[in-house]
1. Extension gain Asp147-Lys99, at 0.36 nm per residue separation less the Cα-Cα distance, in nm?
2. Between Asp271 and Lys160, what's the calculated FRET efficiency when r is the beta-carbon distance and R0 is 51 Å? Round to 0.05.
3. Please give the contour-minus-distance gain from Ser249 to Glu284: 0.36 nm per residue of separation, less the Cα-Cα distance, rounded to one decimal in nm.
4. Quick check on the chain: helices-only [θ] at 222 nm, where DSSP H runs of length 4 and up contribute -39,500 (n - 2.57) each and the sum goes over total residues. Nearest 500, please.
5. Determine the shape class of the chain: with a ≥ b ≥ c the square roots of the Cα gyration tensor eigenvalues, call it rounded for a/c under 1.5, and otherwise prolate if a/b is greater than b/c, oblate otherwise.
6. Using a simple spin-label model with points 7 Å from Cα along the Cα→Cβ vector, what separation in nm is obtained for His199 and Thr69?
7. Label-point separation (nm) for Lys89 and Val210, each offset 7 Å from Cα along Cα-to-Cβ?
8. Under 8 Å for C-alpha pairs, at least 6 residues apart: give me the relative contact order for the chain, rounded to a whole percent.
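What follows is calculated from the coordinates using simple rules that are stated; it is not laboratory data. Remember, predicted model here, so these are calculated numbers, not experimental data. Here the Cβ positions follow ideal geometry from the backbone for every residue, glycine too, while neighbour counts run over all protein chains shown.
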Amino acid sequence: MGLFSNWEKSNLKCSIFGLDLRNAIFLASGTFEYGLLYKNVTNKVGAIVTKGITASGRAGNPPPRVFETACGLINSVGLENPGVKVFCKDILPEMRKLKTRIFVNVAGFSVGDFVEIVGEVGDQVDGFELNVSCPNVEGGGVAFGRDPEICSRVVTEVRKTTTLPVIVKLTANFCDPLLVGRACVEAGADGISLVNTLHAMAFDIKKKKVMITGGLSGPAIKPFALYCVHHLRDLGVPIIGVGGIISGSDAYEFLLAGASAVEIGSATLRDPYAPLRIIQELEEFTG
């Protein structure tokens, strides 16, 4: 289900989940907010995945929320967002004016949360990415996403709620994502995205105490993310590769590993225009 099954090399157009996309470059959840600040970027990628949306608004974690590492960054934002009702009322109408596909990242802390959010958004978007794997929140997060049975129930109930494409974003923190991924596909998931950020920590050596705990992203996790995509390549559904992509060659590696599309995340924090450069570089490999 990877690159060579759905990719038109001449112009990077692709079809995935029954949707025709300008290209298979997605803007990852959390790093490009809602795509409204840099519309000239958002309108040239295949799709955007929103910040994680929860049932009720969240203020997120106290600072420090971001810590730069040698090859990436640790984030502990904690799913700050206005909640699904405010999102649908104030933000989604503006997003719908964008010239790209929209996937809502759904962040729930119970099966009921996922169903409520998907039901509230309805058919106003192109699909959903179920975030069962956020490493910097309590009351769900990674522990939730390690359990194949729970994740299967989430997909089963969400599948009853929508006919739109449902992607499940998996964790690889202390679990085999293949086991969870297989359970999700059997329950009706249309696709898988992986990996989410990895558990990470940094210390303040002067104060001799923990400075931040959260999720590691960026180039440091790319080799592991590639391995995970390749590990799940035979699930029979499209895989969206995520993790440390900063160049066209990085994106192409994920396609070779079995991904049908990729998400660009941390790279946009340093350069909001990075996705455009990555698309241009990718054309050199697929043209």
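1. 13.6 nm
2. E between Asp271 and Lys160, to the nearest 0.05, is 0.80.
3. Net length gain for the segment: 11.7 nm.
4. Calculated from helices alone, the mean residue ellipticity at 222 nm is -8500 deg cm²/dmol.
5. Details: a/c = 1.25, a/b = 1.09, b/c = 1.15.
Cα axes put the chain in the rounded bin.
6. The answer from the label model is 1.3 nm.
7. Between Lys89 and Val210, the simple spin-label model gives 3.7 nm.
8. 21 percent
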